[in-house]
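For reference, the structure discussed in these notes is given below.
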Amino acid sequence: MAQEDIFNRKKANIKKLIAYGFIKKGDCYFYKRYFFDDAFYCIVEVSDHVACHVYDASFNEEYALIHSSLSKGTYISQVRESYQALLEDIVTHCFDDQLFVYNQTMRIAKWIEDNYHLKPEFPWKTN
């Protein structure tokens, strides 16, 4: 699963980011976390979008293989699984669901909920 899919239709909640350990620098929030027995670390940057970078802790160099679909094998698969689990934990604890892509649609849905106490339904949910 690509990191874009993990953060799709999610909106950062600033209070939750800070509680989780993100640090504000300028207009962005940063978080650094070691994973996979501290062999790698991830830096997550949240602003109007989310950027994630994985580094090999031994060399302090970006680990490009994490995103390469050509890289196969047990080791890289385990690293990817650990990385994905880290990102999913961040999404679970720091982001809120955003049902719609466009802000105007979000405002209309909120207005309907506030005035008629109705929430959108998605009977034919697709993944």
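The values are calculated or read from the model by the stated rules, or taken from the named source; none is laboratory data. Predicted model only: the values in this text are computed from it and were never measured. Cβ sites come from the backbone with ideal geometry, for glycine too, and all protein chains shown count toward neighbours. Quick note on the areas: whole protein, heavy atoms, side chains included, nothing else; ligands and nucleic acids left out. Shrake-Rupley method; radii C 1.70, N 1.55, O 1.52, S 1.80 Å.
Tell me, which residue of the range 81-127 that is within 23 Å of residue 19 (Cβ to Cβ) and among the acidic types (Asp, Glu) is nearest to the chain's Cα centre (by Cα)? If we take residues in the range 81-127 being within 23 Å of residue 19 (Cβ to Cβ) and among the acidic types (Asp, Glu), then 88 is nearest to the chain's Cα centre (by Cα).
Report whether or not residue 45 is surrounded by 13 or more Cβ atoms within 10 Å (Cβ to Cβ) and under 20 Å from residue 11 (Cβ atoms). The answer is yes for residue 45.
Considering each of 33, 80 in turn, give the residue that is assigned to a strand (DSSP E or B) and of a type in the set (Lys, Arg). Break it down into steps so the answer makes sense when it comes.
Numbers: 80 fails: assigned to a strand (DSSP E or B).
After applying the criteria, what remains is 33.
Within the range 12-30, the residues that satisfy the criterion of being under 23 Å from residue 97 (Cα atoms), without any contact (Cβ under 8 Å) to a residue 12 or more places away in the chain and assigned to a strand (DSSP E or B) are 23, 24. Within the span defined as the range 55-72, one or more residues are modelled with pLDDT under 90, open to solvent by less than 60 Å² (accessible area, probe 1.4 Å) and more than 16 Å from residue 8 (Cα to Cα). The one condition from (1) in contact with a helix residue (DSSP H, G or I) (Cβ under 6 Å, 6 or more places away or on another chain); (2) assigned to a strand (DSSP E or B); (3) in contact (Cβ under 8 Å) with a residue 24 or more places away in the chain that residue 44 does not meet is (1). Can you tell me which residues in the range 83-102 are assigned to a helix (DSSP H, G or I) and aromatic (Phe, Trp, Tyr)? If the condition is that a residue be assigned to a helix (DSSP H, G or I) and aromatic (Phe, Trp, Tyr), then 83 is the only one that fits.
Entry remark, the range 88-127: residues being modelled with pLDDT under 90, closer than 21 Å to residue 48 by Cβ and among the acidic types (Asp, Glu) number 1 in total.
Considering only the range 1-11, state which residues are open to solvent by less than 90 Å² (accessible area, probe 1.4 Å) and either β-branched (Val, Ile, Thr) or not in a helix (DSSP H, G or I) (or both). It would help to see each step written out before you state the result.
Taking the range 1-11 and keeping what is open to solvent by less than 90 Å² (accessible area, probe 1.4 Å), we get 2-3, 6-7, 10.
Residues satisfying the conditions are 2, 6, 7, 10.
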